[in-house]
1. Rounded to the nearest Å, what's the spacing between the alpha carbon centres of the range B:292-347 and the range A:165-230? Just the number, please.
2. Listed highest first by mean packing, meaning other Cβ atoms within 10 Å per residue, what order do B:291-298, B:185-192 come in?
3. Can you check how the C-alpha radius of gyration of chain B compares to 2.2 N^0.38 Å, as a plain ratio?
4. Could you order the peptides B:109-121, A:303-315, B:146-158 from most to least packed, using the average number of other C-beta atoms within 10 Å per residue?
5. Kindly provide the Kirkwood hydrodynamic radius of the range A:59-101 in Å, to one decimal, from all pairs of distinct alpha carbon atoms.
6. What base-10 log of the normalised intensity I(q)/I(0) is obtained for the range B:31-186 from the Debye formula, alpha carbons as equal point scatterers, at q = 0.08 Å⁻¹?
7. Work out the FRET efficiency for residue B:21 and residue B:202 from their Cβ-Cβ distance, taking R0 = 35 Å, and round it to the nearest 0.05.
8. Using only the Cα atoms of the range B:72-157, each taken as one equal point scatterer with no solvent, compute I(q) by the Debye sum, divide by I(0), and report log10 of the ratio at q = 0.14, 0.23 Å⁻¹.
There are 2 protein chains.
Amino acid sequence: MRATVIHAPHDIRVQEVPDPTIQQPTDVVLRVLRACICGSDLWAYRGEAARQPGQRIGHEFIGIVEEAGPEVSGFAPGDLVVAPFVWSDGTCEYCAEGLTTSCPQGGFWGSVGSDGGQGEAVRVPFADGTLVKLPAAAASDDRLLTALLALSDVLGTGHHAAIGAGVKPGTTVAVVGDGAVGLCGVMAAKRLGAERIIALGRHQVRTDIARTFGATDVVAERGEAAVAAVRELTGGAGAHAVIEAVGTEQSMRTAVGITRDGGSIGYVGVPHGSGTGLDLGVMFDRNIALRGGVAPVRTYIPELLPDVLAGTIDPSPVFDLTIGLDEVPAGYKAMDERTALKVLIKP
Amino acid sequence: MRATVIHAPHDIRVQEVPDPTIQQPTDVVLRVLRACICGSDLWAYRGEAARQPGQRIGHEFIGIVEEAGPEVSGFAPGDLVVAPFVWSDGTCEYCAEGLTTSCPQGGFWGSVGSDGGQGEAVRVPFADGTLVKLPAAAASDDRLLTALLALSDVLGTGHHAAIGAGVKPGTTVAVVGDGAVGLCGVMAAKRLGAERIIALGRHQVRTDIARTFGATDVVAERGEAAVAAVRELTGGAGAHAVIEAVGTEQSMRTAVGITRDGGSIGYVGVPHGSGTGLDLGVMFDRNIALRGGVAPVRTYIPELLPDVLAGTIDPSPVFDLTIGLDEVPAGYKAMDERTALKVLIKP
């Protein structure tokens with residue numbers, strides 16, 4: 001089959017690789033119907049996250065089951081399914097608690113020896129614990145299929161941030177980061193009943209989507225000016241709940257600055273660097289909490305799926321460029337240069 | 001009157017100062033019955049926290065109301081009361097939410113222009129919002145009075161840490177720090193139903209108190225060895241809830257290391273330095289939350305007071321040295337040299 005392989009920073013190629021096969025009785029082999037490129041894939045692309053030459057890449061995909069191992073009970077060939085960005089056994093203590101990302105048997109697509117989502121097919125370990133079935137009819141609904149693809153990562157990650165930030169009905173929320181996750185954070189906050197949602201971002205295409213998703217205010221400033229603007233919008237106090245969807249020291253500093261005393265920062269941007277962007281003294285004096293991390297999206301899919309199917313939420317606008325598998329290298333370039341927000345792949 | 005004044009690092013004196021008087025109609029003047037020295041007072045004593053020469057010091061006290069301003073409705077001369085370590089107006093939005101430490105009209109005892117607790121008397125601003133009445137009979141019960149004094153800071157701060165750490169019935173808790181706050185954290189965790197409480201500490205006098213307060217295990221190791229020991233005690237996973245009651249980079253690093261994936265660190269040790277002790281990457285991968293800060297103990301007193309009065313909890317053993325007002329400088333020296341855990345002052 002053909003799949004995306006990362007050879008070195010900025011050297012992403014689509015090439016022939018071995019067809020996936022059932023290796024464990026709990027495996028499924030999946031034909032990929034939709035995949036996409038994630039902001040976090042860019043860290044590998046830019047060389048800021050280490051990869052061994054030849055690793056696969058891509059961790060978000062929807063597909064059709066081609067073959068199921070003898071111990072797979074929940075899926076059969078022909079099933080339409082969505083995969084979260086981490087596989088997990090579904091049986092351990094962590095999976096039972098919903099923290100699927102801490103499953104001792106879990107792993108990331110594209111890690112050494114595993115398939116990535118940006119290819120024609122994927123071997124899925126622990127299929128019963130990992131995959132979630134979708135209605136067959138969705139396969140012929142292009143818009144819906146795109147929306148459902150967001151369940152594999154960005155929508156669940158935005159939801160995790162909103163939960164971490166403590167979004168509840170009536171709260172004021174601020175969102176740092178105008179990428180797909182930040183935008184999904186806006187959507188998740190709206191879904192959880194936030195009264196006011198302040199989106200920080202300077203790219204109008206993105207802030208327009210933020211408004212569509214539920215943002216009531218947009219702050220285009222950055223750094224100290226952004227902090228001042230959010231404080232002005234909130235009577236000087238800051239936001240109860242802040243979603244941090246970037247992961248840099250600057251974004252974390254901004255997040256602390258715009259959080260109301262006693263509020264929480266839900267952080268889902270993969271941290272770059274240590275906690276040096278956190279002024280613990282300020283957080284201490286103002287009782288600001290930090291909650292979040294890598295999102296256990298498998299746990300959230302059953303909760304979010306009905307709303308996506310019903311159309312009450314539609315994250316599909318975060319995908320603004322659609323390409324075929326051969327164009328994946330160009331897709332990375334577009335996202336790296338920020339000419340695309342999030343790239344949809346139709347293999 | 002006589003009160004403790006800090007002139008410079010290591011220069012603490014008990015001297016004559018003006019008698020406090022009613023300055024605002026919401027003030028009360030209090031005769032101090034019991035006060036004490038806090039671990040955080042030592043930061044000023046050591047010069048690690050800046051003070052202007054001549055500032056008063058001490059923020060924990062119980063007293064008898066001598067005079068009440070015309071707008072004070074809740075207190076009258078003769079009332080026995082406990083003061084939390086921050087005064088607050090009791091009427092603002094933050095006070096209504098229970099975050100009394102963020103009251104815009106609030107302040108710390110011993111800040112420039114205000115009285116400190118380590119003296120014969122104190123002017124209490126916003127008395128109705130700040131003070132809590134105690135049963136008059138407690139004044140003649142020496143042990144009980146000492147236990148009640150812990151409500152002014154360490155017991156409420158330990159409780160805040162336990163809440164921040166997410167202690168619930170059945171949880172496994174680990175406590176970093178064997179000072180009075182850490183020990184009260186053990187007590188608070190026990191009170192909230194923790195099943196297992198692991199106290200980290202190497203001073204047997206203190207860990208013996210920890211066991212009395214509810215610790216089921218004691219870990220004497222420090223740093224990486226402490227992390228390994230707690231992990232061994234918890235089947236490799238770490239503790240659901242971790243109380244951080246020190247505030248150094250090393251203690252924060254230990255706290256992260258011993259927290260179970262998906263768990264929380266309740267931090268109440270005043271942070272020294274920034275977040276450089278926090279490995280955000282580790283916290284992110286393991287979904288570890290950080291919650292806490294300066295404890296709004298005024299809010300917790302009504303909840304904790306009945307248990308102290310009933311004797312179901314008794315924090316009085318954290319006070320292991322009793323002195324008169326004149327001996328306060330020696331009391332600081334004893335705590336600085338760790339020959340005393342917490343010093344009780346009877347002016």
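1. Comparing the Cα centres of the range B:292-347 and the range A:165-230, I get a distance of 45 Å.
2. Details: B:291-298: 26.0, B:185-192: 27.6.
The most tightly packed comes first, giving B:185-192, B:291-298.
3. On the way: Rg = 19.6 Å, N = 347, 2.2 N^0.38 = 20.3 Å.
The reported ratio for this selection is 0.97.
4. Working: B:109-121: 22.5, A:303-315: 16.1, B:146-158: 27.9.
Put in order of decreasing packing, that is B:146-158, B:109-121, A:303-315.
5. On the way: mean 1/r = 0.0849 Å⁻¹.
One over the average 1/r among Cα pairs gives 11.8 Å for the range A:59-101.
6. -0.25
7. Values: r = 48 Å, r/R0 = 1.36.
Efficiency for this residue pair is about 0.15.
8. Log10 of I(q)/I(0), two decimals: -0.51, -1.29.
Bear in mind these aren't lab numbers, they're just calculated from the coordinates by the rules spelled out. Every value quoted in this text rests on a predicted model; they were computed, and no experiment measured them. Every residue, glycine among them, receives a Cβ derived from its backbone with ideal geometry; neighbour counts consider all protein chains shown.
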